[in-house]
Amino acid sequence: MTTTGVDVANAFFLTFMGLWGMLIGSFLNVCIHRLPLKQSVVTPRSRCPHCGHLLSWYDNVPLISYAVLRGRCRSCAAPISPRYPFVEALTGGIFVWHVLVFGATPLLAVRLVFACALIVLFAIDLEHQILPDRITLPGIVIGFLCSLLLPPGPLLSLGGIVAGGGILWAIAEAWFRLRKVDAMGFGDVKMLAMIGAFLGLPLVLLTFVLATMMGGIVGIVLIASRRASMATALPFGTMLAVAALIASLYGDPLLTWYLSRF
Ligand SMILES: [Zn+2]
């Protein structure tokens, strides 16, 4: 292929993946809405939670339906959560970003599955402060199985599961004994074990450090703006999701840069 041919093929692939990401984002919205309610994400078809109006395919076109309907149900005009177009656009953007970093490789597919799990956990933790087992537990298994053939490899993946789960479990135990309060639900423990399964050692440790730093910064900002007291529990899963995404995309260069300073 000529250079132009390659460029056109790349542009086509990027566009395709961006649109595919928005469609997947539409499905992730269903997961985000239904998993906390312990409902099936496959059946039945989506309805307006307000009036029960059954959504047609043209009510489900990512971004466009929300824009055409101006954020309201076609039948009862109840407002549709802005979370829907936000998650669709975010997923599309994250898909394109992954293609730019990983190219058309087998690892791209694995890291996209991982990113989808992180988006769902991020949104559910933000809204409900829970991290459903139906995402984290299969995530641990899938991450490990993929590592049999792809980076980080089975040994580092296993190390990541043990280290990821172990660190948070130890902190939660220590905190509980010290303060007699449950600082972190064990959802965080299972989530970091899942991150360990996909990213392995040492990236799971980098994720934990990044998430703690972000949590600290967000906490300081909230306290400074008097919007939260020290006792308010920040959803740590949301920090873990953002940190894991950064570690998945840029963890290796970040670690290389950090270690080169010594
Ligand atoms: Zn309605």
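The values are calculated or read from the model by the stated rules, or taken from the named source; none is laboratory data. In this text the structure is predicted, and so the values were computed from the model without any measurement. Neighbour counts run over all protein chains shown; Cβ positions are idealised from the backbone, glycine included. Ligands, DNA and RNA are excluded from the accessible area calculation, which covers all protein heavy atoms including side chains. Shrake-Rupley method; radii C 1.70, N 1.55, O 1.52, S 1.80 Å.
Computed quantities for the displayed model
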{"read-out": "When residues of the range 51-61 are limited to those that are loosely packed, with under 14 Cβ neighbours inside 10 Å and either in a loop (DSSP other than H, G, I, E, B) or under 25 Å from the mean Cα position of the chain (by Cα) (or both), the one farthest from the ligand (Cβ to nearest atom)", "value": "SER56"}
{"read-out": "Single residue of the range 17-49 satisfying the filter (in contact with a strand residue (DSSP E or B) (Cβ under 9 Å, 6 or more places away or on another chain) and in a loop (DSSP other than H, G, I, E, B)) that is least open to solvent (accessible area, probe 1.4 Å)", "value": "CYS48"}
{"read-out": "Condition met for VAL242 (modelled with pLDDT of 95 or more and open to solvent by 30 Å² or more (accessible area, probe 1.4 Å))", "value": "yes"}
{"read-out": "Long-range neighbours under 9 Å by Cβ, at least six apart or interchain, first residue farther than 17 Å from THR136 by Cα within the range 156-178, second open to solvent by less than 40 Å² (accessible area, probe 1.4 Å) and of a type in the set (D, E, K, R)", "value": "ALA172/ASP188"}
{"read-out": "Residue match in the range 95-110 (condition: more than 16 Å from the ligand (Cβ to nearest atom), under 14 Å from the mean Cα position of the chain (by Cα) and of a type outside the set (Phe, Trp, Tyr))", "value": "yes"}
{"read-out": "Residue match in the range 160-183 (condition: touching a Ser or Thr at 6+ places or on another chain (Cβ under 9 Å), open to solvent by less than 20 Å² (accessible area, probe 1.4 Å), within 24 Å of PRO253 (Cα to Cα) and of a type in the set (Gly, Ala, Ser))", "value": "yes"}
{"read-out": "Helices (runs of 4 or more DSSP H) (entirely within the range 62-152) containing at least 3 residues that are open to solvent by less than 50 Å² (accessible area, probe 1.4 Å), over 21 Å from MET191 (Cβ atoms) and touching a helix residue (DSSP H, G or I) at 6+ places or on another chain (Cβ under 6 Å)", "value": "83-102"}
{"read-out": "Residue in the range 249-261 that is in a helix (DSSP H, G or I) and either in contact with a Gly (Cβ under 6 Å, 6 or more places away or on another chain) or crowded, with 19+ Cβ neighbours inside 10 Å (or both) present", "value": "yes"}
{"read-out": "Cross-chain or 6+ apart pairs with Cβ under 6 Å, the range 199-226 first and polar (S, T, N, Q), then surrounded by 12 or more Cβ atoms within 10 Å (Cβ to Cβ)", "value": "THR207/ILE195; THR207/ALA243; THR207/ALA244; THR207/ALA247"}
